[in-house]
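**Q** I am attaching a structure below and will ask some questions about it afterwards.
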Amino acid sequence: MKLATWNVNSLAVRLPQLLDWLAAEQPDAVVLQETKLTDDKFPQAELTAAGWHSSWHGQKTYNGVALLSREPAQDIVKNIPGHDDQQARVIAGSVAGVRVIGGYFPNGQAPGTDKFAYKMRWLDALRGWLQSELASHPRLVLMGDFNIAPEDRDVFDPVAWAGQIHCTDEERGHFRGLIGLGFTDAFRLFEQPPKSWSWWDYRNLAFRKNQGLRIDHILVSEALKAGTTVCRIDKLPRKNERPSDHAPVLVEITP
DNA sequence: ATGTCACCTGGTAGGTGA
């Protein structure tokens with residue numbers, strides 16, 4: 001099966017690109033982040049017409065996530081159970097025997113801010129939930145915009161970014177904590193081009209200069225690791241005329 | 001050359017978040 005994650009930075013703006021991309025890639029399931037739509041504005045009709053089942057969890061202006069799939073997803077969960085959160089950041093569902101969890105991890109703004117503290121609390125809650133979720137769903141994929149660059153090789157200028165948001169020891173510690181639950185970073189299972197990023201700032205001509213970060217990830221559980229055959233970042237949509245600042249990441253898993 | 005984009009409110013710009 002083929003799974004993908006994409007931070008679309010406004011589904012209202014990116015819907016035509018998303019439909020084109022879905023038609024070209026034909027994934028089995030996709031998680032989206034930053035839909036930036038209230039639930040009543042979700043473009044269900046357009047997606048249904050294109051042959052996609054959708055589940056969504058939105059809010060006004062910020063955040064918002066969705067799960068699209070060829071077959072209907074089962075047992076939908078929105079946000080982290082037991083974690084009180086006003087922000088719509090998680091959607092989970094089961095597709096073809098695989099538990100798919102899509103997350104829009106908090107940005108965190110800067111170390112020492114309230115938003116950073118919120119990010120740390122959110123990551124604590126996510127880890128606790130995933131521990132039990134893994135026990136009940138051994139075939140599990142966690143993917144999304146993590147807003148964490150796990151290692152220096154995931155950063156175009158690791159010296160300039162040292163200790164900055166996405167690159168702090170605390171955030172990287174949380175990433176390793178998720179890995180420690182029994183996940184593998186699917187992207188690093190395979191040889192990859194050097195300077196592979198999933199996000200490039202809209203500013204500073206960052207995409208043209210390939211100045212980016214790898215902050216969008218796909219983690220596969222131990223039970224799925226051996227069957228994982230491909231993981232890649234698709235830079236093509238970032239070359240569109242009016243692109244998201246993120247590129248989609250895809251994984252292929254054999255049953 | 002810190003050179004953007006998307007959203008909101010409330011008004012034809014400014015603020016916020018990323």
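Quick note: the coordinates plus some simple rules give every number you see, no bench work behind them. Predicted, not measured: the structure shown is a model, and the values here were computed from it. We place every Cβ from the backbone using ideal geometry, glycine too, and count neighbours over all the protein chains shown.
Results for (1) within 16 Å of the chain's Cα centre (by Cα); (2) under 20 Å from A:V155 (Cβ atoms); (3) not in a loop (DSSP other than H, G, I, E, B), shown as yes or no for each residue.
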residue: A:A206; (1), (2), (3): no, yes, no
residue: A:K209; (1), (2), (3): no, yes, no
residue: A:H217; (1), (2), (3): yes, yes, yes
residue: A:V220; (1), (2), (3): yes, no, yes
residue: A:V230; (1), (2), (3): no, no, yes
residue: A:P237; (1), (2), (3): yes, no, yes
residue: A:P243; (1), (2), (3): no, no, no
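**Q** Separate question: Among A:G180, A:G163, which is the only one that is touching a residue at least 40 places away in the same chain (Cβ under 8 Å), within 22 Å of A:D124 (Cβ to Cβ) and loosely packed, with under 14 Cβ neighbours inside 10 Å?
**A** Numbers: A:G180 fails: touching a residue at least 40 places away in the same chain (Cβ under 8 Å).
Selected residue: A:G163, the only one of A:G180, A:G163 that is touching a residue at least 40 places away in the same chain (Cβ under 8 Å), within 22 Å of A:D124 (Cβ to Cβ) and loosely packed, with under 14 Cβ neighbours inside 10 Å.
**Q** In the set A:A29, A:A73, A:A66, A:A24, which member is small (G, A, S), surrounded by fewer than 14 Cβ atoms within 10 Å (Cβ to Cβ) and either within 21 Å of A:S94 (Cβ to Cβ) or free of Cβ contacts under 8 Å to residues at least 12 places away in the same chain (or both)?
**A** Working: A:A29 fails: surrounded by fewer than 14 Cβ atoms within 10 Å (Cβ to Cβ); A:A73 fails: surrounded by fewer than 14 Cβ atoms within 10 Å (Cβ to Cβ); A:A66 fails: surrounded by fewer than 14 Cβ atoms within 10 Å (Cβ to Cβ).
Only one candidate qualifies: A:A24.
**Q** Give A:L213, A:L189, A:L181 a once-over and let me know the one that is out of contact with any Cys (no Cβ under 7 Å at 6 or more places or on another chain) and more than 14 Å from DNA strand B (Cβ to nearest atom). Walk me through it before giving the result.
**A** Working: A:L213 fails: more than 14 Å from DNA strand B (Cβ to nearest atom); A:L189 fails: out of contact with any Cys (no Cβ under 7 Å at 6 or more places or on another chain).
A:L181 is the lone residue from the list that is out of contact with any Cys (no Cβ under 7 Å at 6 or more places or on another chain) and more than 14 Å from DNA strand B (Cβ to nearest atom).
**Q** Might you let me know whether segment A:4-16 holds any residue that is buried (at least 20 other Cβ atoms within 10 Å of the Cβ) and in a helix (DSSP H, G or I)? Show your work before the answer.
**A** Filtering segment A:4-16 down to residues buried (at least 20 other Cβ atoms within 10 Å of the Cβ) leaves A:4-8, A:11, A:14.
Subset that is in a helix (DSSP H, G or I): A:11, A:14.
Yes.
**Q** Related question: Which residue out of A:D40, A:D75 is over 16 Å from the mean Cα position of the chain (by Cα) and either closer than 30 Å to A:S221 by Cβ or part of a loop (DSSP other than H, G, I, E, B) (or both)? Explain how you work it out, then say what you get.
**A** Working: A:D40 fails: either closer than 30 Å to A:S221 by Cβ or part of a loop (DSSP other than H, G, I, E, B) (or both).
Only one candidate qualifies: A:D75.
**Q** Any chance you could count how many residues in segment A:32-49 are surrounded by 14 or more Cβ atoms within 10 Å (Cβ to Cβ) and more than 16 Å from DNA strand B (Cβ to nearest atom)?
**A** Within segment A:32-49, residues that are surrounded by 14 or more Cβ atoms within 10 Å (Cβ to Cβ) and more than 16 Å from DNA strand B (Cβ to nearest atom) number 2.
**Q** Quick one: A:P237 ticks every box in (1) of a type outside the set (A, V, I, L, M); (2) within 13 Å of DNA strand B (Cβ to nearest atom); (3) out of contact with any Pro (no Cβ under 7 Å at 6 or more places or on another chain) bar one, so which box is it?
**A** The failed condition is (3).
**Q** Here's something else I'd like to know. With the condition kept exactly as written, say whether any residue in segment A:142-157 is touching an Asp or Glu at 6+ places or on another chain (Cβ under 9 Å) and surrounded by fewer than 14 Cβ atoms within 10 Å (Cβ to Cβ).
**A** Scanning segment A:142-157 turns up no residue that is touching an Asp or Glu at 6+ places or on another chain (Cβ under 9 Å) and surrounded by fewer than 14 Cβ atoms within 10 Å (Cβ to Cβ).
**Q** Output the residues belonging to segment A:110-154 that are part of a helix (DSSP H, G or I) and of a type in the set (A, V, I, L, M, F, W, C). So that I can check it myself, show each step before the final result.
**A** In the first step, residues of segment A:110-154 are kept if they are part of a helix (DSSP H, G or I); the result is A:114-136, A:152-154.
A:F116, A:A117, A:M120, A:W122, A:L123, A:A125, A:L126, A:W129, A:L130, A:L134, A:A135, listed by residue number.
**Q** Do we find that A:T61 is among the polar types (S, T, N, Q), within 16 Å of DNA strand B (Cβ to nearest atom) and farther than 26 Å from A:P255 by Cβ in this structure?
**A** Details: among the polar types (S, T, N, Q): yes; within 16 Å of DNA strand B (Cβ to nearest atom): yes; farther than 26 Å from A:P255 by Cβ: yes.
In short, yes.
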